[in-house]
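Only one structure is covered here, and it is reproduced in the block below.
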Amino acid sequence: MKNCREITRLLSEAQERELSLSERMGLRMHLAMCRGCRNFAEQMATLRKICRAYARRDEGNSGRE
Amino acid sequence: MVEDSGTKSGEVGRNLAHAAQGEAAHLQDPVYLEELRRQLQRFAVLQLGDADLAEDAVQEALLGALKSARSFNGRAALKTWVFAILKNKIADLLRARGRQPDAQSLLSSDEEHRDLDELFNARGHWRRDERPAHWEDPESAVHDRHFWRVFEACLDRLPGQQARLFMMREFIELETPEICAAAEISVSNLNVTLHRARMRLRECLENNWFQAGEAREES
Ligand SMILES: [Zn+2]
């Protein structure tokens, strides 16, 4: 059974590669009972969106609304 | 793309010429180039801490890549190439300034270990007050310039190597093998570093934006 520390590592790696079936199953079991890691999983996706938006933001707009 | 127009030899030749041009077509696509330039600019500014220096470096890198336009087989290859040029320029500039990027990343590795221990208990579970919360409405944050200020401040707090690798991955959108080659590190090294960068960033964003000033109900 993986702990939260290991789960966050898997969730981070999932941003770089596809997880194996057994990794995904371990993940799903943990997430079903751990709200902290569920939130963390959502945040990894959000963080990626934020970074993409940031890198593509028009420099000229950065000082305006 | 190239369809039925009959395969007379003259047309085949024309199609081939088209395909050859197509290889470098993205270099003539102003929208694509501008987007690429922005990504590189973000990266360079955060590495150099100087917008003018960064702009020059990006300009030179793009010009350098345009010169060897023929050898690219697509956008990914172009991006990798431009980025490699830019990275070298940034390294030169940092060296000229006397900052030692490697010393900096060595220093940070101890600090990084301590970091994770503060977040988890001995059994590797979240400490109560470190447990990630639900982020309300992240979509609207990206339209708020105050949010971007917080985001930049959080990026600034990352140790050098974490920031560099994280930006290669998330801003320049390089894939694992490209980053490992450019930074001369192993895959597991990269994974560990990205994990730590994300842990830090999410915590910083949560504390300073998503939960800042809100006594949120912890059900
Ligand atoms: Zn957990």
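The values are calculated or read from the model by the stated rules, or taken from the named source; none is laboratory data. This structure is a prediction, so every number in the text was calculated from the model and none was measured. All Cβ positions, even for glycine, are placed from backbone atoms using ideal geometry, and neighbour counts span all protein chains on display.
One table, with the values for the structure above:
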quantity	calculated
Long-range neighbours under 6 Å by Cβ, at least six apart or interchain, first residue more than 7 Å from every other protein chain (Cβ to nearest Cβ) and at pLDDT below 95 within segment A:1-18, second within 13 Å of the ligand (Cβ to nearest atom) and part of a helix (DSSP H, G or I)	A:LYS2/A:GLY26; A:LYS2/A:HIS30
Cross-chain or 6+ apart pairs with Cβ under 9 Å, segment A:19-36 first and within 18 Å of A:ARG5 (Cβ to Cβ) and more than 14 Å from every other protein chain (Cβ to nearest Cβ), then within 12 Å of the ligand (Cβ to nearest atom) and part of a loop (DSSP other than H, G, I, E, B)	A:LEU27/A:LYS2; A:MET29/A:MET1; A:MET29/A:LYS2
Any hit, segment A:47-65, residues being modelled with pLDDT of 95 or more and in a loop (DSSP other than H, G, I, E, B)	no
Members of segment B:123-143 found to be facing chain A (nearest Cβ under 10 Å) and more than 21 Å from the chain's Cα centre (by Cα), listed by number	B:ARG123, B:GLY124, B:HIS125, B:TRP126, B:ARG127, B:ARG128, B:GLU130, B:ARG131, B:PRO132, B:ALA133, B:HIS134, B:TRP135
Of all residues making up segment A:34-54, the number that are closer than 16 Å to B:PHE151 by Cα and within 16 Å of the ligand (Cβ to nearest atom)	2
Residue among B:LEU33, B:LEU63, B:LEU16, B:LEU48 that alone is at pLDDT 80 or above and exposed (fewer than 13 other Cβ atoms within 10 Å of the Cβ)	B:LEU63
